[in-house]
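Below: the structure, in structure tokens.
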Amino acid sequence: MATRIREKTKTREEAKDIRPQAKAKYIRISANKVNATLALIRGKKYTEAVAILNNMNKSSSEPVLKALNSAAANAENNLNMNKDSLVVARAVAEQGPTLKRFRARAKGRGARILKRTSHISVVLAEIQG
């Protein structure tokens, strides 16, 4: 059953992604709406992505900006990278748990309301050169 556990653990640790990243979980916005915002900053430099998010008039830009700044702070403090040399390598919003609510309807019935949440994941990479 437990063959080569130490070797497997060692290979997993070596293959672990060492790029700076941040996750914002249980954000009360649909993942589809957040992904539309993330598509605009994917592949951009950090400073350019921050400027885009600051000037955007969408409710999803605030939690995305928070996750982006957190990833940049992780890069600066934990990995000794410069914020100016960072680029958004990966930015994805996955669906979180859905809150199920009911709204009163005619004749004593109820209609289901789905309040969707999302998990925002931002990974940065350092530009070589």
Does the stretch 119-129 include one or more residues that are modelled with pLDDT under 95, in a strand (DSSP E or B) and of a type in the set (Asp, Glu)? yes
Residue check for ALA36: closer than 11 Å to VAL122 by Cβ and without any contact (Cβ under 8 Å) to a residue 40 or more places away in the chain: no
Of the candidates ALA89, ALA75, the one satisfying the condition of being in a strand (DSSP E or B) and modelled with pLDDT under 95 is ALA89
Which listed residue is touching a helix residue (DSSP H, G or I) at 6+ places or on another chain (Cβ under 6 Å), of a type in the set (Ser, Thr, Tyr) and either part of a helix (DSSP H, G or I) or crowded, with 16+ Cβ neighbours inside 10 Å (or both), from THR9, THR37, THR47: THR37
Could you tell me how many of the residues in the stretch 76-125 are among the charged types (D, E, K, R), over 22 Å from ALA36 (Cα atoms), in contact with a strand residue (DSSP E or B) (Cβ under 6 Å, 6 or more places away or on another chain) and surrounded by 10 or more Cβ atoms within 10 Å (Cβ to Cβ)? 1
Long-range neighbours under 8 Å by Cβ, at least six apart or interchain, first residue at pLDDT 85 or above within the stretch 1-21, second of a type in the set (Val, Ile, Thr): ARG19/VAL123; PRO20/VAL123; GLN21/VAL122; GLN21/VAL123
Any chance the stretch 92-110 includes a residue that's part of a strand (DSSP E or B), within 14 Å of LEU68 (Cβ to Cβ), of a type outside the set (Gly, Ala, Ser) and in contact (Cβ under 8 Å) with a residue 12 or more places away in the chain? yes
What residue, among those in the stretch 50-68 that are part of a helix (DSSP H, G or I) and in contact (Cβ under 8 Å) with a residue 24 or more places away in the chain, is nearest to GLN128 (Cα to Cα)? LEU68
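The values are calculated or read from the model by the stated rules, or taken from the named source; none is laboratory data. Computed from a predicted structure; not experimentally measured. Counting neighbours? That spans all protein chains shown, and the Cβs are built from the backbone with ideal geometry, glycine included.
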